[in-house]
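What follows draws every value from the coordinates through simple rules; no lab data is involved. Note that the coordinates shown come from a computational prediction; the quantities given were computed from them, not determined experimentally. Reconstructed Cβ throughout: ideal geometry from the backbone, glycine too, with neighbour counts over all protein chains shown.
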Amino acid sequence: MSKSVDYYPSLIERLKNPEYAIAFITAILEEPEPEPELLHSALSDVATALGATQMTPTALHQHQENLNQLFAQLEPQSLFQLNEWLNQLGLKLTLAPCQPVEQTLTDGRTEASLLA
């Protein structure tokens, strides 16, 4: 009998890569039949992954609470409606990292280390 692997830890590990996190959220925003609860869950997972390296545990907890409050106050479906509205104009919502993502080379060095 094969062992089942808990999917969540591997998802969080992959979401630590900002490019993967962007693709993850974008895929949900582009769903033809969007599920606001899925977007909320995905944003929470991304916050868990990226926040772990960028925030203190207390700040991350507060950030998660802010997300919960945002979804409680807003009509999450409105994000999908905005996306559809933009699509009709030939535009779309996109995500991008705030700063360039540092690429790790096969030998373990980073692009930034080569420039130094």
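Structure summary
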{"read-out": "Computed log₁₀ I(q)/I(0) - Debye formula, equal Cα scatterers, no solvent, segment 18-77, q 0.12, 0.30 Å⁻¹", "value": "-0.30, -1.22"}
{"read-out": "D6 paired with S78, simple spin-label distance in nm, labels 7 Å along Cα-to-beta-carbon", "value": "3.7"}
{"read-out": "Over segment 1-100, relative contact order from alpha-carbon pairs under 8 Å, at least 6 apart, %", "value": "31"}
{"read-out": "Residue order, fewest to most surrounding Cβ atoms within 10 angstrom, among F80, F71", "value": "F71, F80"}
{"read-out": "Length gained when the stretch E31-E13 is fully extended (0.36 nm per residue, less Cα-Cα span)", "value": "4.1 nm"}
{"read-out": "Reference-scaled alpha-carbon Rg (2.2 N^0.38 Å with N residues) for segment 7-115", "value": "1.23"}
